[in-house]
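Peer 1: Shown below is the structure under consideration.
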Amino acid sequence: MEKITFCIPSKSNLRYLKTCIPSIRKNSFYADHDIIIFVDSDEDGTVDWLEEVKDEYNLSFYVNPDLGNSLFGIGKAYDYCIEKSTTDIFMIFHADMMLGKDADKLAFDHLKLKTVVSATRIEPPLHPNNGEKIIMDFGMWPEEFKSDEFDAFVDTFKDDMNITNGVFAPWMMYKEEFLAIGGHDERMHSCREDSDVFNRLKLAGFTFVQPWNSLVYHLTGRGAGSFDGDPERHISWQKDMMKSTKEFIRKWGSNIKHTALMEPVIIPKYNIAFVVDNCTLQAIEALEPWCDRLYIKGSLDAIAHLQADYINKEAEHTSFSLVKRVLSDMHNDADGENDIVVRIDGKTFDGDDFIYIQQLSEIIKDSGIPGNFELGHLSITINSLNELQNDLINV
């Protein structure tokens with residue numbers, strides 16, 4: 001096979017890297033792949049350890065130039081590694097993963113242009129399995145990793161020819177094709193960056209291939225901090241996840257959707273505006289991410305206060321311009337400027353209506369024709385069914 005580059009961001013992940021990196025060197029079919037680590041934070045001596053072992057494991061590492069003050073975020077960290085790579089092919093890899101025997105070669109065997117190849121994950125029994133992975137306990141923590149048992153289990157799958165079409169880390173593709181779509185979207189700063197890029201790759205015509213004889217052991221969220229037992233880190237991860245999920249919804253107009261086997265399902269993106277009467281700050285907080293523009297009805301003073309309160313509260317959590325998204329109904333022609341207009345009365349808006357909002361793009365797709373209709377307490381006008389998702393392929 002060709003030489004590839006393993007790209008691994010680290011956010012104080014020393015305990016995981018100490019198991020991850022040796023597994024790559026031990027189990028790769030190709031003996032000397034490049035390994036690039038990006039150290040986004042270091043509260044555990046990661047840099048010192050990497051300096052000690054860089055020759056032993058023949059790896060390169062780069063450090064956040066603003067270490068300790070700000071984070072690149074996972075998408076930007078991955079892209080930094082990819083841009084620094086000198087091979088034609090890269091593989092996205094998590095610090096809390098251990099490579100199975102010949103997983104690199106068994107994935108590479110399926111790689112061609114316009115293709116993304118994912119290894120199949122083996123995970124401990126922490127999360128539900130919809131059929132996209134294998135549940136088997138080879139240790140809950142890197143220090144407990146049962147490498148001999150894992151190796152023996154992987155060997156039983158070497159002749160498995162099963163292939164599905166899911167996509168999840170670790171995934172492999174050609175560097176030039178990845179850079180052509182602009183890499184990861186930095187707006188998904190620390191979470192959801194993978195779902196965003198998978199949507200874009202599917203829209204760009206890429207095929208996803210998941211061979212079930214190419215295997216990794218994945219400790220599931222340990223490296224990210226979602227399940228590493230550190231309460232402070234877990235709270236930080238929850239905040240990152242909430243922020244990035246909102247950014248994903250603002251961009252795509254809908255939440256993440258995929259098949260049980262992890263193939264992305266693309267929901268149409270429409271130009272949608274909400275016109276809200278009897279509006280409150282809480283209503284704006286709930287509704288704003290789900291539309292392109294939110295028009296507030298009421299007096300100029302009341303509108304100005306709501307705009308200022310919301311923007312002051314939310315602006316630091318988004319890369320989108322809220323000044324362009326939260327507007328006064330007095331100076332805008334909602335029907336003339338937007339393809340879909342949803343009129344909402346804050347006094348009657350309820351939980352069922354919010355469920356309709358979350359499913360709005362799919363409902364509009366199914367409706368099929370322009371016109372007016374009522375849905376719960378919502379009044380919906382479809383001026384055009386112009387779909388915009390293909391505009392999102394490139395960053």
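The values are calculated or read from the model by the stated rules, or taken from the named source; none is laboratory data. It should be emphasised that the depicted structure is a prediction, and the values quoted were computed from it without experimental measurement. Ideal geometry is used to build each Cβ from the backbone, glycine not excepted, and the neighbour counts take in all protein chains shown. Only protein heavy atoms, including side chains, enter the accessible area calculation; ligands, DNA and RNA are left aside. Shrake-Rupley method; radii C 1.70, N 1.55, O 1.52, S 1.80 Å.
Peer 1: How would C20, C279 line up by accessible area, probe 1.4 Å, largest first?
Peer 2: Greatest to least solvent exposure: C279, C20.
Peer 1: Between region 132-151 and region 167-201, what is the separation of their alpha carbon centroids in Å?
Peer 2: Between the Cα centres of region 132-151 and region 167-201 lies a distance of 27 Å.
Peer 1: To the nearest 20 debye, what charge dipole does the chain have about its Cα centre, counting +1 at the Cβ of each Lys and Arg and -1 at the Cβ of each Asp and Glu?
Peer 2: That gives a dipole near 540 debye.
Peer 1: What residues qualify as long-range amide H neighbours of F90, i.e. H under 5 Å apart, gap of 5 or more or another chain, H built at 1.01 Å from N?
Peer 2: Close amide H contacts, sequence-distant or interchain: T5, M173, K175.
Peer 1: Under a Cβ-only charge scheme (Lys and Arg +1, Asp and Glu -1), can you give me the dipole magnitude of region 157-222 about the Cα centre, in debye to the nearest 20? Before the final figure, lay out each step's value.
Peer 2: Values: 7 positive and 9 negative charges, 24 e Å.
The dipole magnitude comes to about 120 debye.
Peer 1: Subtracting the Cα-Cα distance from 0.36 nm times the residue separation, let me have the gained length for W49 to N129 in nm, one decimal.
Peer 2: Computed gain between W49 and N129 is 25.3 nm.
Peer 1: Quick one: if you stick a label point 7 Å off each Cα along the C-beta vector at T87 and K365, how many nm between them?
Peer 2: Calculated label separation equals 3.6 nm.
Peer 1: What list of ³J(HN,Hα) couplings, whole Hz, do you get for region 132-141 from phi and the Karplus terms 6.51, -1.76, 1.60, once you set θ to phi - 60° and write x for glycine and proline?
Peer 2: 8, 8, 10, 9, 7, 8, 10, x, 8, 9
Peer 1: Another question, if that's okay. Tell me the label-point distance for the pair I393, D66, using the 7 Å Cα-to-Cβ offset, in nm and rounded to one decimal.
Peer 2: Here the modelled spin labels are 3.3 nm apart.
Peer 1: E362: net charge of surrounding residues, Cβ under 15 Å, Lys/Arg +1, Asp/Glu -1, itself excluded?
Peer 2: Once positives and negatives cancel, what remains is +1.
Peer 1: Pick from I135, I24, I89: which is most flexible by mean-square fluctuation in a GNM of the chain where alpha carbon atoms under 10 Å apart are linked?
Peer 2: I135
Peer 1: Report the full-extension gain for the segment D159 to E232: residue separation times 0.36 nm, less the Cα-Cα distance, to one decimal in nm.
Peer 2: The span from D159 to E232 would gain 21.9 nm if fully extended.
Peer 1: Scan around L375 for amide H atoms under 5 Å from its own, H built in the peptide plane at 1.01 Å from N, and keep only partners 5 or more places away or cross-chain.
Peer 2: I380
Peer 1: Output wanted: per-residue J couplings in Hz (rounded whole) for region 51-68, from phi through Karplus 6.51 cos²θ - 1.76 cosθ + 1.60, θ = phi - 60°, x for Gly and Pro.
Peer 2: 4, 5, 10, 4, 7, 4, 9, 6, 10, 10, 9, 10, 10, 3, x, 10, 3, x
Peer 1: Give me the net charge for the shell around T156: Cβ to Cβ below 12 angstrom, other residues only, Lys and Arg +1, Asp and Glu -1.
Peer 2: Numbers: positive: K101, K158; negative: E149, D151, D155, D159, D160.
Net charge around T156: -3.
Peer 1: Lone cysteines in the chain, going by a 4.7 Å Cβ-Cβ cut-off?
Peer 2: C20, C191, C279, C291
Peer 1: Counting Lys and Arg as +1 and Asp and Glu as -1, each charge on the Cβ, what is the dipole of region 60-177 about the Cα centre in debye, to the nearest 20?
Peer 2: Here the size comes out at about 400 debye.
Peer 1: May I ask for the net charge around T207, where only other residues with Cβ less than 15 Å from the Cβ of T207 are counted and Lys, Arg are +1 while Asp, Glu are -1?
Peer 2: So the environment of T207 carries a net charge of +1.
Peer 1: Using the Karplus equation 6.51 cos²θ - 1.76 cosθ + 1.60 (θ = phi - 60°), what ³J(HN,Hα) coupling, rounded to whole Hz, does each residue of region 337-354 give in order, writing x for Gly and Pro?
Peer 2: Listing the rounded values in order: 9, 9, 6, 10, 10, 10, 9, 10, 9, x, 6, 10, 4, 9, x, 5, 4, 5 Hz.
Peer 1: Another question about this same structure. Among D102, D185, D88, which one shows the highest mean-square fluctuation when the chain is modelled as a Gaussian network with alpha-carbon springs under 10 Å?
Peer 2: D88
Peer 1: Decide, for region 290-347, between rounded, prolate and oblate: order the square roots of the alpha carbon gyration tensor eigenvalues as a ≥ b ≥ c, take rounded if a/c falls under 1.5, and otherwise choose prolate if a/b is larger than b/c, else oblate.
Peer 2: In terms of gyration-tensor shape, oblate.
Peer 1: For region 207-364, what proportion of DSSP beta bridges, expressed in % and rounded to the nearest 5, is antiparallel?
Peer 2: The antiparallel fraction comes to roughly 5 percent.
Peer 1: Ratio of alpha-carbon Rg to the 2.2 N^0.38 Å globular estimate for region 260-395, to two decimals, please.
Peer 2: 1.07
Peer 1: Which shape class applies to region 50-95: rounded if a/c is under 1.5, otherwise prolate when a/b exceeds b/c and oblate if not, where a ≥ b ≥ c are the square roots of the Cα gyration tensor eigenvalues?
Peer 2: Verdict is oblate for region 50-95.
Peer 1: A further question on this structure: State the antiparallel share, in %, of DSSP beta bridges confined to region 114-238, rounding to the nearest 5.
Peer 2: 35
Peer 1: Using only C-alpha positions, report the orientation-averaged shadow area of the convex hull of region 344-395, nm², one decimal. Write down the numbers at each step before the final one.
Peer 2: Working: hull surface 18.4 nm².
One quarter of the hull surface, i.e. the mean projection, equals 4.6 nm².
Peer 1: How many angstrom lie between the C-alpha centres of region 259-313 and region 80-112?
Peer 2: 40
Peer 1: Between their Cα atoms, which of K76/K257; K26/K158; K76/K243; K114/K175 are more than 21 Å away from each other? Don't skip to the answer; put the middle values down first.
Peer 2: Working: K76/K257 23 Å; K26/K158 17 Å; K76/K243 16 Å; K114/K175 11 Å.
Table pairs above 21 Å Cα-Cα are K76/K257.
Peer 1: Something else now. Under the rule of -39500 (n - 2.57) per DSSP H run of 4 or more residues, summed and divided by the residues of the chain, what mean residue ellipticity at 222 nm is obtained, to the nearest 500 deg cm²/dmol?
Peer 2: -9500 deg cm²/dmol
Peer 1: How many percent of DSSP beta bridges within the chain run antiparallel, rounded to 5?
Peer 2: Looking only at bridges with both residues in the chain, the antiparallel portion is about 40 percent.
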